[in-house]
């Protein structure tokens, strides 16, 4: 009888485990392996937050944000990290994508520690490297603020575009006076003695935002979210807990260092600082109001090539969880 009882108990346990797995709601995420969403997913899994929130998280690892956009629009992923500018553009073209803020961590114009460059007025006559291309959002915003000071950076500075790793290398070799780049590359340069001459959060405030604005966030289709019940809300709750863990735990960053591909302790501490500064704490309404203000600037600077046909932030761009409505 005892062996039979053990067999029955084992069968019950197995069935319970299978039932629990089947009950978990699936969510498919398009993820760049070294991106911040990948870090958060690592923390979610390590701390069992996926099980706590009854989620079966599947990942589609992609090489670029553009690949993620294709996966999302093609239906092979449910959610990715993107910016509200792209979401707004897609909405203006007929899609029903929505955006929920994730991080307000932004890049900066980086310069050597002994550089005379202290602000925008010091950029004319200098060689300025810009990560991305002519339609990079930070570059457009920097130009917009410069215009308010009577400056035309495209004409008054020597501007070069390139991929962030290459520009960092050129900066460290002394070939560039100033480098406008993404926040993680800023952190690397900061760890090598560079300073943030013009932080982009200062630029956005100069253009009318009331607080630290999240340009990057979770992006998904509203119709899918409606079909999926509370899956989105539970994922967002798990992500918030993961962010809080990252904000409070130095050990977590040590564990993630190989994934982040940072071996220098000083650089890792700067990554942690900048990431923590960007955790969104403001009400959604304030984020959306600031986005509307910046959208007008970006529409003027980038035109239809950047934002599509809408001259104002399309209604419904920001996702509002049912509890907040």
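The values are calculated or read from the model by the stated rules, or taken from the named source; none is laboratory data. Predicted, not measured: the structure shown is a model, and the values here were computed from it. Counting neighbours? That spans all protein chains shown, and the Cβs are built from the backbone with ideal geometry, glycine included.
Checked against (1) touching a strand residue (DSSP E or B) at 6+ places or on another chain (Cβ under 8 Å); (2) over 27 Å from residue 298 (Cα atoms); (3) not in a helix (DSSP H, G or I), residue 38 passes all but condition (3). Scanning region 153-163 for any residue that is surrounded by 15 or more Cβ atoms within 10 Å (Cβ to Cβ), at pLDDT below 95 and touching a helix residue (DSSP H, G or I) at 6+ places or on another chain (Cβ under 9 Å) turns up nothing.
Return yes when residue 77 is buried (at least 22 other Cβ atoms within 10 Å of the Cβ), free of Cβ contacts under 8 Å to residues at least 60 places away in the same chain, not in a helix (DSSP H, G or I) and not assigned by TED's automatic domain parsing to the domain that holds residue 153 and no when it is not. The answer is yes for residue 77. Of all residues assigned to region 260-283, at least one qualifies as being loosely packed, with under 15 Cβ neighbours inside 10 Å, modelled with pLDDT of 95 or more, over 22 Å from residue 186 (Cβ atoms) and not assigned by TED's automatic domain parsing to the domain that holds residue 82. Checking 255, 272 one by one, the residue that is under 18 Å from the mean Cα position of the chain (by Cα) and farther than 21 Å from residue 88 by Cβ is 272 and no other.
Specify the residue that is surrounded by the fewest Cβ atoms within 10 Å (Cβ to Cβ); the eligible residues are those in region 186-196 that are under 18 Å from residue 120 (Cβ atoms) and touching a helix residue (DSSP H, G or I) at 6+ places or on another chain (Cβ under 8 Å). Even if it seems obvious, please write down each step before you answer.
Step one: list which residues in region 186-196 are under 18 Å from residue 120 (Cβ atoms), which gives 186, 194-196.
Now drop any that are not touching a helix residue (DSSP H, G or I) at 6+ places or on another chain (Cβ under 8 Å), which leaves 186, 194, 196.
Values: 186: 28, 194: 22, 196: 19.
Checking each candidate, the answer is 196.
Anything in region 86-132 that is assigned to a helix (DSSP H, G or I), surrounded by fewer than 24 Cβ atoms within 10 Å (Cβ to Cβ) and not assigned by TED's automatic domain parsing to the domain that holds residue 162? List them, or say none. Full working, then the answer.
Within region 86-132, the subset assigned to a helix (DSSP H, G or I) is 86-92, 120-122.
Among the residues that remain, those that are also surrounded by fewer than 24 Cβ atoms within 10 Å (Cβ to Cβ) are: 86, 89-92, 120-122.
Result: 86, 89, 90, 91, 92.
The rows are residues; the columns are (1) in contact with a strand residue (DSSP E or B) (Cβ under 9 Å, 6 or more places away or on another chain); (2) not in a loop (DSSP other than H, G, I, E, B).
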site: 234; (1), (2): yes, yes
site: 253; (1), (2): no, yes
site: 258; (1), (2): no, yes
site: 272; (1), (2): no, yes
site: 282; (1), (2): yes, no
site: 297; (1), (2): no, yes
site: 304; (1), (2): no, yes
site: 309; (1), (2): no, no
site: 314; (1), (2): no, no
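Each row is one residue, and each column tells you yes or no for (1) more than 24 Å from the chain's Cα centre (by Cα); (2) under 27 Å from residue 292 (Cβ atoms); (3) at pLDDT 95 or above; (4) not assigned by TED's automatic domain parsing to the domain that holds residue 65.
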| position | (1), (2), (3), (4) |
| --- | --- |
| 143 | no, yes, yes, yes |
| 147 | yes, yes, yes, yes |
| 166 | no, no, yes, yes |
| 183 | no, yes, yes, yes |
| 202 | no, yes, yes, yes |
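Of the listed requirements (1) touching a strand residue (DSSP E or B) at 6+ places or on another chain (Cβ under 7 Å); (2) part of a helix (DSSP H, G or I), residue 198 misses just one: (2).
Would a scan of region 47-70 turn up a residue that is under 14 Å from residue 219 (Cβ atoms) and assigned to a loop (DSSP other than H, G, I, E, B)? No, there is no match, as no residue in region 47-70 is under 14 Å from residue 219 (Cβ atoms) and assigned to a loop (DSSP other than H, G, I, E, B).
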